[in-house]
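Quick note: the coordinates plus some simple rules give every number you see, no bench work behind them. Model, not experiment: these values are computed from the prediction. All Cβ positions, glycine included, derive from the backbone under ideal geometry; neighbour counts span all protein chains shown.
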Amino acid sequence: MTTGGTIATAVGSDGIARHASSGDALLAASGHGDIAVDDLMTVDSSDMTPRRWQQIAASIRGHVAAGATGIVIAHGTDTLEETALWLALTCAVPVPVVLTGAQRSGDHPESDGPVNLHDALTVAAGGDALGVVVCFAGQVYPAAGIRKVDLVTPAGFAGVAPIGHVRDGVFTRGGDAHSPFLGTVTHAALPRVDVVSLYPGADATALEAYVRVGAQGLVLESMGAGNANDVVIESVSRHIDNGIEVLVTTRVPCGVLAPGYPPGQKLVDAGAVMVPRLRSGQARVLLMAALATGSDLAAVVERLG
């Protein structure tokens with residue numbers, strides 16, 4: 001299943017990578033055969049939307065119902081982590097679903113797309129009950145916790161330990177990924193959740209604006225160990241009292257988040273929930289899925305965050 005992204009691009013004379021390859025062309029370059037191709041959409045992954053997540057999920061269910069024994073999704077890397085987690089949380093099918101992409105365009109002399117796609121097809125063809133995973137640079141990762149950490153190098157993803165790897169066309173499983181599935185979501189209109197990034201001197205303007213336009217949840221990308229200033233804490237407390245769900249992540253790339261200072265503890269005391277591992281992109285997806293499925297947020301974060 002193709003959705004666009006760098007894996008399907010070629011670089012023009014102006015140095016800009018634009019979509020150029022169909023799914024059939026990608027498949028030919030990967031060296032695999034006997035695969036059904038579904039050119040579902042062709043978008044830069046910055047144009048991926050919750051509605052498109054639902055379109056992908058519906059297509060997955062349709063192909064599995066028609067007899068598919070594995071699904072591979074070629075996707076842009078900028079938002080691959082969000083799509084992967086949404087599918088893992090809301091689209092349970094009894095076959096492996098493997099997302100992959102590329103850091104280098106299809107016409108690059110050292111393009112990583114064909115190898116990544118070949119590896120992803122290998123994983124999907126194995127039939128292992130993996131759920132939704134990401135296959136990139138020879139590593140196979142669970143959806144929850146993965147994030148893009150590099151703009152250039154082929155090993156562009158990290159954040160969570162791999163559960164296997166592909167070497168010389170063979171998939172070796174090294175661990176299990178516990179299913180993060182919360183429930184099937186079939187409606188297109190999903191809860192609005194916004195991310196607010198904090199910085200020195202931040203006020204509550206963004207928080208107030210998002211709530212005013214209908215946000216049902218907010219993700220606070222805090223400073224350090226879940227910290228925010230008093231103005232932000234007051235705003236968060238008031239919105240929680242009015243029924244808005246709030247998750248707290250951190251702008252720090254690595255480490256397990258926990259409230260270790262008074263500002264962070266004030267947020268927790270106000271009813272905000274700290275997310276230990278997931279950073280803002282996936283925390284937003286987690287909150288959307290929890291709201292859409294009516295799941296208990298604290299329990300979901302304890303299990304998956």
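See the values below:
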quantity	calculated
Summed residue charge, Cβ within 11 Å of HIS239's Cβ, Lys/Arg positive, Asp/Glu negative	-2
Degrees, to the nearest 10: 80-90 long Cα axis against longest axis of the chain	80
Cβ-based exposure ranking for TYR210, TYR261, TYR141, in which fewest neighbours within 10 Å come first	TYR261, TYR210, TYR141
Summed side-chain charge close to ALA188 - residues other than ALA188 whose Cβ falls under 15 Å, Lys, Arg +1, Asp, Glu -1	+4
For the chain, size of Cβ-based charge dipole, Lys and Arg +1, Asp and Glu -1, in debye	380
The chain: calculated mean residue ellipticity at 222 nm from DSSP helix runs of at least 4, using -39500 (n - 2.57)	-10000 deg cm²/dmol
Tilt relative to the chain, helix 280-293 - C-alpha long axis, 0 to 90 degrees, to 10	80
Shape call, region 6-173: gyration tensor on alpha carbons, a/c limit 1.5	rounded
Evaluated at q = 0.12, 0.13, 0.15, 0.24 Å⁻¹: base-10 log I(q)/I(0), Debye formula over Cα of region 82-200	-0.48, -0.56, -0.72, -1.38
Ranked list, fewest to most other Cβ atoms within 10 Å of each Cβ, for ARG173, ARG18	ARG18, ARG173
Percentage relative contact order, the chain, counting C-alpha pairs under 8 Å, at least six apart	15
Environment charge at VAL301 (Cβ cut-off 11 Å; Lys +1, Arg +1, Asp -1, Glu -1)	-1
Unit charges on C-beta of K, R, D, E only; dipole of region 67-148, Debye	160
Fraction of beta bridges assigned by DSSP in region 185-295 that are antiparallel (%, nearest 5)	5
Backbone HN-Hα couplings from phi across region 103-120 [Karplus 6.51/-1.76/1.60, Hz, Gly and Pro as x]	8, 10, 4, x, 9, 5, x, 10, 4, 8, x, x, 5, 4, 5, 4, 5, 4
Test item: Cα-centred dipole of region 193-304, Lys/Arg +1 and Asp/Glu -1 on Cβ, debye	340
Fraction of beta bridges assigned by DSSP in the chain that are antiparallel (%, nearest 5)	40
Exposure proxy order (Cβ contacts within 10 Å, fewest to most) of HIS75, HIS187, HIS239, HIS19	HIS187, HIS19, HIS239, HIS75
Rg over Rh [alpha-carbon atoms, Kirkwood Rh] for the chain	0.99
Global size of region 169-257 as Cα Rg and Dmax, reported in angstrom	17.2, 55
